[in-house]
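Notes to accompany the following structure.
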Amino acid sequence: MGAVVRILAGDVELSFDVDGAQLVPTDLGWAERPTVVLLEPTALYRDGLGPALARVAQVVYLDDRVDVDDLVGFLDALEIERPVLVGASVAVVFASRHPGRAAKVVLVGREEAGGIGCPVLVVSGADALRAATDDVVAFVLEPEREPEP
Amino acid sequence: MRVQVRDVRLFFDVDGAKLRPAGSALEERPTALILHAGPGLDHAPYKETLGPRLVDLAQVVYLDQRGHGRSDRSEPTSWNLTTWATDVKGFCERLGIDRPVLVGQGWGAMIAVRLAALWPELPGKLVLAGPLARIVPDRSIAVYERLGGAAAGEAAFQFYRHPNERTVAEFLRVCFPLLGRTERGPGTLLRAQWNFEALIEWQLHEGHVVDLRREAAQVTAPTLVLQGEDDPQMPLVGALELVDELRDARLVTYPHGRHSLFHDEPAAADEVREWVRS
């Protein structure tokens with residue numbers, strides 16, 4: 001898959017795609033929806049989870065493999081402030097190293113992810129993720145709890 | 001989301017993925033980049049009107065121009081068509097948006113023409129809704145008077161003659177409701193982040209002198225022109241002047257259509273759909 005939309009994040013050029021608006025009209029104003037960043041391999045999400053999430057959130061498919069620094073550069077370049085990250089270990093490392101920067105993490109394929117400073121939903125693998133679409137949508141929509149003092 | 005383009009951060013929003021599953025492969029869809037009306041308005045109205053009508057066919061990108069909406073304000077000295085057009089080019093380059101369908105309305109259509117004349121290869125196609133080559137106040141004043149009576153004609157006359165906060169306020173009170181022929185809910189007005197300074201500044205300076213007739217002949221992209229026959233802001237005669245210069249234009253007019261074409265005329269969005277799809 002070639003570059004669809006791309007951006008220079010730091011020194012690397014990353015391909016991404018977006019589905020679902022960030023701001024949607026309400027009766028008199030706007031609702032700002034959460035941003036969900038689906039980390040590579042994004043083809044996993046195109047026909048199931050992605051479209052389901054795009055009904056309630058702005059979905060960003062980050063098509064290239066990234067490390068934590070790339071991910072920081074990508075989020076900074078697009079001013080994505082508190083995304084929900086869906087992916088493997090890079091999502092967990094990002095959340096640990098940058099407390100408060102990720103709103104939530106959906107961790108695909110690892111069972112231990114406690115103590116990273118944000119809510120985590122663990123899904124055991126790609127097949128389980130497909131089966132858990134409703135759970136992931138509910139997790140994204142769950143109101144964020146105030147941090148405990 | 002916002003992205004750095006030249007000396008400003010520009011706000012944009014996106015609906016509809018560029019890639020959609022088609023059987024076992026992914027199919028690439030066209031990009032429709034909407035250039036909002038103005039000056040002084042932002043992308044908000046298109047979220048209710050045109051955008052949702054295109055999203056099953058294309059990736060729809062909404063952009064707030066500099067000085068508008070959620071983008072950086074920049075300096076009034078940079079508020080001109082060439083800067084705005086160059087920003088759009090920079091935005092497309094920054095994000096790798098290749099040969100978009102540029103959809104411009106009113107003043108946004110003027111930006112689209114400037115851009116397509118300077119860089120003919122950039123747009124794949126153009127849609128110009130209620131465009132003008134130049135602003136001739138007497139033409140607009142006459143239509144405002146025909147639609148809204150002497151008070152509307154006078155408010156338009158004062159606005160074009162002395163654009164300032166007082167005349168803009170009166171223009172909005174008396175003339176703005178004439179831009180559409182169906183009622184708009186309060187949300188439509190409240191959602192937009194207005195910058196009346198941009199309207200006044202542009203009208204005082206470039207609005208007086210801009211004339212796109214010669215450069216329209218440089219545009220090579222196939223162009224769909226949608227025009228309300230009762231548009232007081234961008235009167236039909238002015239749109240025809242522009243169409244005369246375009247090399248490859250299809251003109252569709254709406255007998256009772258005004259400036260808010262996408263709000264009032266569902267058929268206008270149907271035309272855009274066909275144009276994007278063809």
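Filter region B:8-17 down to the residues that are under 16 Å from B:LEU63 (Cβ atoms) and either surrounded by 21 or more Cβ atoms within 10 Å (Cβ to Cβ) or more than 10 Å from every other protein chain (Cβ to nearest Cβ) (or both) and list them by number. Selection gives B:VAL8, B:LEU10, B:PHE11, B:PHE12, B:ASP13, B:VAL14, B:ASP15, B:GLY16. Scanning region B:86-99 for residues that are away from chain A (no Cβ under 11 Å) and part of a loop (DSSP other than H, G, I, E, B) returns a single hit, B:ARG99.
Among the residues making up region B:19-49, those that are away from chain A (no Cβ under 12 Å) and over 13 Å from B:LEU102 (Cβ atoms) are B:ALA37, B:GLY38, B:PRO39, B:GLY40, B:LEU41.
Listed by position, the helices (runs of 4 or more DSSP H) enclosed by region A:39-149 that each have at least 1 residues that are surrounded by 14 or more Cβ atoms within 10 Å (Cβ to Cβ) and touching a residue at least 60 places away in the same chain (Cβ under 8 Å) are A:49-54, A:68-77, A:126-131, A:133-141.
Can you say whether B:ARG53 is closer than 22 Å to B:ARG277 by Cα, more than 11 Å from every other protein chain (Cβ to nearest Cβ) and touching a residue at least 60 places away in the same chain (Cβ under 8 Å), as far as the supplied structure shows? Considered against the rule, which asks whether it is closer than 22 Å to B:ARG277 by Cα, more than 11 Å from every other protein chain (Cβ to nearest Cβ) and touching a residue at least 60 places away in the same chain (Cβ under 8 Å), B:ARG53 comes out as yes. Please work out if B:GLY104 is modelled with pLDDT of 95 or more and more than 12 Å from chain A (Cβ to nearest Cβ). In short, yes. Within the set B:GLY228, B:GLY153, the sole residue that is in contact with a helix residue (DSSP H, G or I) (Cβ under 8 Å, 6 or more places away or on another chain), surrounded by 20 or more Cβ atoms within 10 Å (Cβ to Cβ) and touching a residue at least 24 places away in the same chain (Cβ under 8 Å) turns out to be B:GLY228.
The set of residues in region B:184-221 being in a helix (DSSP H, G or I), polar (S, T, N, Q) and over 23 Å from B:VAL113 (Cα atoms) consists of B:THR188 alone.
The condition of being assigned to a helix (DSSP H, G or I), at pLDDT 95 or above, within 18 Å of the chain's Cα centre (by Cα) and of a type in the set (Gly, Ala, Ser) holds for only one of B:ALA155, B:ALA116, that being B:ALA116. Please verify whether region A:47-54 includes one or more residues that are modelled with pLDDT under 95, among the hydrophobic types (A, V, I, L, M, F, W, C) and under 30 Å from B:TRP194 (Cβ atoms). Checking region A:47-54: not a single residue is modelled with pLDDT under 95, among the hydrophobic types (A, V, I, L, M, F, W, C) and under 30 Å from B:TRP194 (Cβ atoms).
The values are calculated or read from the model by the stated rules, or taken from the named source; none is laboratory data. A quick note: this is a predicted structure, and the numbers were derived from the prediction, not measured. Cβ sites come from the backbone with ideal geometry, for glycine too, and all protein chains shown count toward neighbours.
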